[in-house]
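S.K.: Here it is: the structure, laid out below.
Read the figures in this text as sums done on the coordinates, not as results from a lab. Everything numeric in this text was worked out from a predicted model, so none of it was measured. Reconstructed Cβ throughout: ideal geometry from the backbone, glycine too, with neighbour counts over all protein chains shown.
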Amino acid sequence: MLLPDLLTTDRLILRPHQPDDFDGFYRVITNKEATRFVQFSEDDQSRDYLEAFFQEILSTMNSSHPVFGLAILEKGSRDYVGFCGLSELPDDSGTETYYVLNPDMWGKGYATEAAQKLFEYAFSVLDLPHLDTFLVDENKASHLVAHKLGMQDLGLTDHREYSRPVRRFRVEKKAFFEL
């Protein structure tokens, strides 16, 4: 998938990660509140592991299969808000979307705003037919974001990164642009 050079909204900048984004990335990934609905082992949140993972993300930027993860920054302050991205599902059933934000940035509408821009790019430039996201039932704030983006709850399903069934939400390209 082709990474965008830069996507902007009224308040946000979405762009490929740069080396100086690591501290913000690290703060978000290791924040227990930010990642409480994502399953990470203690090893996955160690500084050494995350530095290596972040370097892997950076090293793929110019490859034919980049890690599709974008830094989300506040436009005015350039503060690191979090990250979002796309990931191809292993069973070729589509593309998964994800986002994780610093809890200090919650409640400002940034998740919806960033996801909206990411979805526009995915549908307009990448010409994807639909997008999915997978959420645990307890993650009510992300359920609300999914609904704001026109995503429909397809029910419980298994997912490779969760030890229990999660809700699969989907939006079709046409339905997204009819919002």
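S.K.: Just to check, using Stokes-Einstein with a Kirkwood Rh over alpha carbon pairs, what's the diffusion coefficient of the range 7-177 at 37 °C and 0.692 mPa s in µm²/s?
M.R.: My calculation gives 199 µm²/s for D.
S.K.: What is the ratio of the Cα radius of gyration of the range 21-95 to 2.2 N^0.38 Å, where N is its residue count, to two decimals?
M.R.: 1.19
S.K.: Looking at the P(r) of the range 114-161, how many percent of alpha-carbon pairs lie beyond 17 Å?
M.R.: 40 percent
S.K.: Let me ask something else about it. What lysines sit close enough to K148 to cross-link, taking a C-alpha to C-alpha distance under 17 Å and skipping anything fewer than 8 places away on the same chain?
M.R.: Output for K148: K108, K117, K140, K173, K174.
S.K.: Residue by residue through the range 82-97, which ³J(HN,Hα) values in whole Hz follow from phi under the Karplus form 6.51 cos²θ - 1.76 cosθ + 1.60 (θ = phi - 60°), with glycine and proline marked x?
M.R.: Ordered by residue, 3J(HN,Hα) equals x, 8, 8, x, 10, 8, 5, 6, x, 8, 6, 8, x, 10, 9, 10 Hz.
S.K.: Picking from G82, G107, G94, which is most flexible by a Gaussian network model of the chain using Cα springs under 10 Å?
M.R.: Result for the chain, Cα springs under 10 Å: G107 fluctuates most.
S.K.: Note down the magnitude of the dipole of the range 1-154 about its Cα centre, charges +1 on Lys and Arg C-beta and -1 on Asp and Glu C-beta and zero elsewhere, to the nearest 20 debye.
M.R.: 620 debye
S.K.: At 20 °C and 1.002 mPa s, grab the translational diffusion coefficient of the range 42-138 from Stokes-Einstein with a Kirkwood Rh over Cα pairs, rounded to a whole number in µm² per second.
M.R.: 142 µm²/s
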